[in-house]
Amino acid sequence: MGVAKYVKDKKDAIREVIYQSGIRVKPSYSPHDLEEVGFDYAQDSASRANTVHTQPASAGISQPSLDDRQYTGFGTPEETNQRFKLMISHGQTGLNVAFDLPTQMGYDSDDPLVLGEVGRVGMAVDSLRDFETAFKTSL
């Protein structure tokens, strides 16, 4: 399973993101980028609704943060910890934990009602120790 690769400059700013599919995305685009792909604003924009926004409307509006947080976690806390470390090693700067459905519903992993669902679409959590394991820096 791969992750997106973050290409950074010497100041640790993100210059490009390369997704697992091979698609490359820049942190921002300019009118010059549109010209390079043959986009003509007058011809290709039928209405204001199709406007391509490349700058904030005013100096008081900030650009969106480039600190995209990856939603991840699966299986056991140990497996989730390995996934977190893999993603961080590839340049990910923010992580959100995905919990399995039994955890989200308040069930313990050994409850017969959740047989087959534990760790399936997120990390199974039954105790504080599970959190400590998932976020341990050396495992």
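Data for the structure
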quantity: Residues of the stretch 22-52 satisfying the condition of being at pLDDT 75 or above and open to solvent by less than 90 Å² (accessible area, probe 1.4 Å); calculated: GLY22, VAL25, LYS26, PRO27, SER28, SER30, PRO31, ASP33, LEU34, GLY38, PHE39, ASP40
quantity: For LEU86: the one exception among (1) surrounded by 18 or more Cβ atoms within 10 Å (Cβ to Cβ); (2) of a type outside the set (D, E, K, R); (3) in contact (Cβ under 8 Å) with a residue 24 or more places away in the chain; calculated: (1)
quantity: Pairs, first closer than 15 Å to ASN81 by Cα and in a strand (DSSP E or B) in the stretch 94-121, second open to solvent by less than 50 Å² (accessible area, probe 1.4 Å) and modelled with pLDDT under 90, C-beta under 9 Å, six or more apart; calculated: LEU95/THR72; LEU95/GLY73; LEU95/MET87; ASN96/THR72; ASN96/GLY73; VAL97/THR72; VAL97/GLY73; PHE99/GLY73
quantity: Single residue of the stretch 91-117 satisfying the filter (β-branched (Val, Ile, Thr) and closer than 24 Å to VAL3 by Cβ) that is most open to solvent (accessible area, probe 1.4 Å); calculated: THR93
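The values are calculated or read from the model by the stated rules, or taken from the named source; none is laboratory data. Not measured: the values here are computed from a predicted model. A quick note on method: Cβ atoms are made from the backbone with ideal geometry, for glycine too, and the neighbour counts reach across all protein chains shown. Protein only, heavy atoms only, side chains kept; ligands, DNA and RNA dropped before computing areas. Shrake-Rupley method; radii C 1.70, N 1.55, O 1.52, S 1.80 Å.
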